[in-house]
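Worksheet: one structure, shown below.
The values are calculated or read from the model by the stated rules, or taken from the named source; none is laboratory data. The structure presented is a predicted model; accordingly, all values stated were derived computationally and were not measured. Ideal geometry is used to build each Cβ from the backbone, glycine not excepted, and the neighbour counts take in all protein chains shown. Accessible surface is based on the protein model in full, side chains and every heavy atom, while ligands, DNA and RNA are left aside. Shrake-Rupley method; radii C 1.70, N 1.55, O 1.52, S 1.80 Å.
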Amino acid sequence: MIAASLSGMPEASAQTAPPPLVLSPNLTEPWMLQLQPRVQRRSTATRYQFRQVPQQQRQVRRTSWWAPRQQQPVRQQQQRVRQPQTRQIAPQFLPTVVDYDGPHKAGTIVIDTNARFLYLVQNDGTARRYGVGVGKPGFEWAGTHKITRKAEWPDWRPPAEMRKRRPDLPVFMAGGPDNPLGARALYLGSTLYRIHGSNQPWTIGHAVSSGCIRMRNEDVTDLYERVKVGTRVYVI
């Protein structure tokens, strides 16, 4: 009777089994997640492997120290690598003696404009061969002429046609080391063409002239001493 009065329940209810323990769902969820195996989730960036393209930062220059910055890229000039121009003649165009069994007699000059060689036929079955520069495209020519005049350190009077193409050329230039005709000149017939020296020996072996046959100064000097006025010249 005393126990019943303290608990506020009848005596018979004290022997009844307690009701089952029920947890709220919001309390069981954290515990259930801990019991389940962890699944590693890939992030969106890992799944698709996005790559950010780096952008080149533009350089900014100011017109003056007080001026605001302007978003104008600085143009960097590309450094051009200048290839040094050779000042030497190619070895194959240096003077040499070669065998000759052609139809021309000794003392004749034969100029092969395609091969860039001048031959002076000698009387022992050989020919002295020199390298030459010939007419550039549009100024090629061929024919047979005689040497009508010889001159040492000749003056130069560019023809009117040449001065029309090159207004910067002088009307007259005295002979000398700076003269384009060089140390010697052999005039061919009544034409404007000559076999002459050059103050640009590196052009020997190339098609660079306005039709004249140019040689190194030392080579044209050697040829000058070996030929006479009246020598026949074949240009092929």
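Here are a few things to note about the model shown:
- Using a probe of 1.4 Å on the protein chains alone, the accessible area found for L94 is around 70 Å².
- Sorting S198, S210, S190 on solvent-accessible area from highest to lowest, probe radius 1.4 Å, gives S190, S210, S198.
- For H104 and R166, the difference between the fully extended length at 0.36 nm per residue and the C-alpha to C-alpha distance is 18.5 nm.
- Based on the Kirkwood approach, the hydrodynamic radius assigned to segment 99-151 is 12.4 Å, with every pair of different Cα atoms included.
- Solvent-accessible ranking of H196, H145, largest area first, probe 1.4 Å: H145, H196
- The largest accessible area among R149, R194 belongs to the first residue in R149, R194, and the rest follow in falling order (1.4 Å probe, all chains).
- Environment charge of E225, counting only residues whose C-beta is closer than 15 Å and scoring Lys/Arg +1, Asp/Glu -1: +2
- Amide H contacts under 5 Å for T96, placed H, 5+ residues apart: R129
- Integer Hz, Karplus 6.51/-1.76/1.60 couplings in order for segment 222-236, x for Gly and Pro: 5, 5, 4, 6, 9, 10, 10, 5, x, 4, 7, 10, 10, 10, 10
- Total formal charge among the other residues, if their Cβ is under 12 angstrom from that of E152, Lys/Arg +1 and Asp/Glu -1: +1
- Scaled radius of gyration (Cα, divided by 2.2 N^0.38 Å) that segment 192-236 gives: 1.17
- Charge tally around W202: other residues with Cβ under 12 Å, Lys/Arg +1 each, Asp/Glu -1 each, net +3.
- Set of lysines near K105 by C-alpha distance (under 30 Å), chain-local residues within fewer than 8 positions excluded: K136, K146, K150, K228
- Between A207 and V134, the built amide H atoms are under 5 Å apart, and every one of these is 5 or more places off in sequence or on another chain.
- Segment 111-149 and segment 220-236 have Cα centres lying 9 Å from one another.
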